[in-house]
Amino acid sequence: MSTTTIRIDAELKERVDAAAQRAGKTVHAFLLDSISKTVEQAELDAAFHRVADERFAKVMAGGNTVGWDDARRYLEARARGQRARKPPARKPAR
């Protein structure tokens, strides 16, 4: 394991100390857990954006889409129990 030093102001240190105590953890364990959760969320966010970018590229390369306004009207009608005609899929505007 390596050691990393961080500098935090006194107010944040007090907040970290209090939060760690409430969580029943040492400050060290609390900080490791916090860093781990933040890194995991950043990785999930990056994966989400990567998939979204890939899907958007496919749509722009030739897929058909349904506009949000049309899709919303359809879904709202269905949610009210009404029969609704599915909106047509079209080439996206470029």
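Quick note: the coordinates plus some simple rules give every number you see, no bench work behind them. If you're wondering where the values come from, they're calculated on a predicted model, not measured in any experiment. A quick note on method: Cβ atoms are made from the backbone with ideal geometry, for glycine too, and the neighbour counts reach across all protein chains shown.
Brief remarks follow.
- Members of the range 75-88 that are within 26 Å of residue 53 (Cα to Cα) and within 27 Å of the chain's Cα centre (by Cα): 75
- Among residues of the range 66-80 that are under 15 Å from residue 93 (Cβ atoms), those with a beta-carbon under 6 Å from a residue that is surrounded by 12 or more Cβ atoms within 10 Å (Cβ to Cβ) at least six positions away or on a different chain give the pairs 66/87; 66/89; 70/87.
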